[in-house]
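Only one structure is covered here, and it is reproduced in the block below.
The values are calculated or read from the model by the stated rules, or taken from the named source; none is laboratory data. Quick caveat, the model's predicted, so the values are computed rather than measured. Neighbour counts run over all protein chains shown; Cβ positions are idealised from the backbone, glycine included.
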Amino acid sequence: MLTGKRVLLVISGGIAAFKALDLIRRLRAEGCTVRCVMTAAAGEFVTPLSVAALSAQPVYQDIFSLKDESEMGHIQLSREADLVVVAPATANIIAKMAAGIADDLASTTLLATDKPILIAPAMNVRMWHHAATQRNIDTLRGDGVRIVGPARGELADGESGEGRLVEPADLVTAIAAALSEIGGTTPRALTGRRALVTSGPTHEPIDPVRYIANRSSGRQGHAIAAALARLGAETILVSGPTDLPDPPGVTVRAVENARAMLAACEAALPVDVAVCAAAVADWRVAAETETKIKKSGAPPQLTLIENPDILATLSRHPDHRPALVVGFAAETDAVAQNAAAKRVRKGCDWIVANSVAAGATFGADDNTVSIIDAAGQEDWPRLSKAEVADRLAVRIANSLGRPS
Ligand code: C5P
């Protein structure tokens, strides 16, 4: 996907710096050349030796190092890349970038570059929400810097909230999206098309504080929305609660439960393609109480009733049936047979079937899927969720053909 692309990765000094190692590995696996600059603080979290070994390139740290400057000066370093990525980007480097401060190799390189920059902020939640950081982020956005994340979740310091570095797999997706926008070389086969994607779990309320949920991470659905948008589709992502950042270039409608998900999907119609990747709860509590159920007395008996089936509703929509409807099937056994039967039962065109027997798919980076359509079954090898998304987006583009 990224063959021949050159990324200059600036690693600044946060606890998330260790994730840069995984990012380097993934970028190289995609065929990307990765050259790294580390701040002095980054060197306290990961060793330059590890970074050099994984990137298979010298690592640059010191602007006053004769060796670094003679091998490759900071101006050349900043120019010899298709994209400059700062991951993790600490509040400090963000502030320096916003102010144009150049007091070490990393900040000097960032000031000297004429290449597009993508940053992935990672810091304590309070530092992220601090007025100064938010002001600096606005400044950088105004300067044309692309920003991915931060994600929400548990932070290294024990607090939780917004501030996590987005996962390396999602960073690769964001980097690929930025490179394809910049290069403008990828044929945008879905330009003029509208796409709807559902993603994530749903939370079905029991009372104002409790709910029934499932283990879906939303990673596959979000990656599909990103891939469709990259191919030029006007993409609406209707997502249940997840920790994932909004995919670049996608309109996101956040919902809590199945009924709200269906309403948001219907509001998005008409679309050319609908991909239902959400793990919608099959049942909801019949009588959600308006006040918190008290612990005193006997445990409550919850009566469950069926939720609307969004995939089946879209597949049989009387007025705006999308030209192509794609469903997912997570099966534990007889995957192909069950998925084929599900395709007919739901009335959709394709089913993307995966086995969750080993519990490997939820929240994982990889996925092994088969595509079942009217013509039969196509087995794909084990791929990253981003690759599954890319292949699926291309298959969708081929199936829809050119807009009339
Ligand atoms: O019936 P099952 O949940 O196995 O079907 C999975 C497929 O149906 C997925 O594509 C899922 O997004 C979709 N679905 C839905 N609404 C539901 C249940 C499942 O759209 N209420």
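Screening the candidates LEU77, LEU110 for the property of being over 23 Å from ALA177 (Cβ atoms) and touching a residue at least 24 places away in the same chain (Cβ under 8 Å) yields one hit, LEU77. Only residues that are crowded, with 18+ Cβ neighbours inside 10 Å and over 20 Å from the mean Cα position of the chain (by Cα) were counted in segment 6-22, giving 6. Being outside any loop (DSSP other than H, G, I, E, B) and surrounded by fewer than 18 Cβ atoms within 10 Å (Cβ to Cβ) is true of ASN398. Within this structure, ALA312 passes the test of being touching a Gly at 6+ places or on another chain (Cβ under 9 Å), surrounded by fewer than 19 Cβ atoms within 10 Å (Cβ to Cβ) and either more than 30 Å from VAL166 (Cβ to Cβ) or assigned by TED's automatic domain parsing to the domain that holds PRO247 (or both).
Scoring GLY249 on the criteria (1) touching a Leu at 6+ places or on another chain (Cβ under 9 Å); (2) at positive phi leaves a single failure, condition (1). For beta carbons closer than 8 Å, sequence separation of 6+ or different chains, a first residue in segment 144-161 that is of a type in the set (Ser, Thr, Tyr) and a second that is in a strand (DSSP E or B) and surrounded by 19 or more Cβ atoms within 10 Å (Cβ to Cβ), there are no qualifying pairs. Answer yes if at least one residue in segment 289-302 is among the acidic types (Asp, Glu), over 29 Å from ASN367 (Cα atoms), in contact (Cβ under 8 Å) with a residue 24 or more places away in the chain and assigned to a loop (DSSP other than H, G, I, E, B), and no otherwise. Taking every residue of segment 289-302 in turn, at least one turns out to be among the acidic types (Asp, Glu), over 29 Å from ASN367 (Cα atoms), in contact (Cβ under 8 Å) with a residue 24 or more places away in the chain and assigned to a loop (DSSP other than H, G, I, E, B). Based on this model, can you work out whether ILE351 counts as part of a strand (DSSP E or B), closer than 17 Å to ALA225 by Cα, among the β-branched types (Val, Ile, Thr) and modelled with pLDDT of 80 or more? Yes: the conditions hold for ILE351.
Of the residues that make up segment 84-105, is at least one assigned to a helix (DSSP H, G or I), surrounded by 21 or more Cβ atoms within 10 Å (Cβ to Cβ), of a type outside the set (Lys, Arg) and touching a Lys or Arg at 6+ places or on another chain (Cβ under 7 Å)? No, segment 84-105 contains no residue that is assigned to a helix (DSSP H, G or I), surrounded by 21 or more Cβ atoms within 10 Å (Cβ to Cβ), of a type outside the set (Lys, Arg) and touching a Lys or Arg at 6+ places or on another chain (Cβ under 7 Å). Counting only strands (runs of 3 or more DSSP E) wholly contained in segment 213-284, the ones carrying 3 or more residues that are hydrophobic (A, V, I, L, M, F, W, C), within 18 Å of VAL352 (Cα to Cα) and within 14 Å of the ligand (Cβ to nearest atom) occupy 273-276.
Of the candidates THR139, THR173, the single residue that is surrounded by 15 or more Cβ atoms within 10 Å (Cβ to Cβ) and within 15 Å of the chain's Cα centre (by Cα) is THR173.
Cβ separations smaller than 9 Å between residues 6+ apart or across chains give the following pairs from segment 321-340 residues that are assigned to a loop (DSSP other than H, G, I, E, B) to residues that are within 9 Å of the ligand (Cβ to nearest atom) and aliphatic (A, V, I, L, M): ARG321/LEU314; PRO322/LEU314.
Note on segment 287-331: residues that are of a type outside the set (Asp, Glu), more than 28 Å from ARG402 (Cβ to Cβ) and away from the ligand (no atom under 11 Å from the Cβ) amount to 17.
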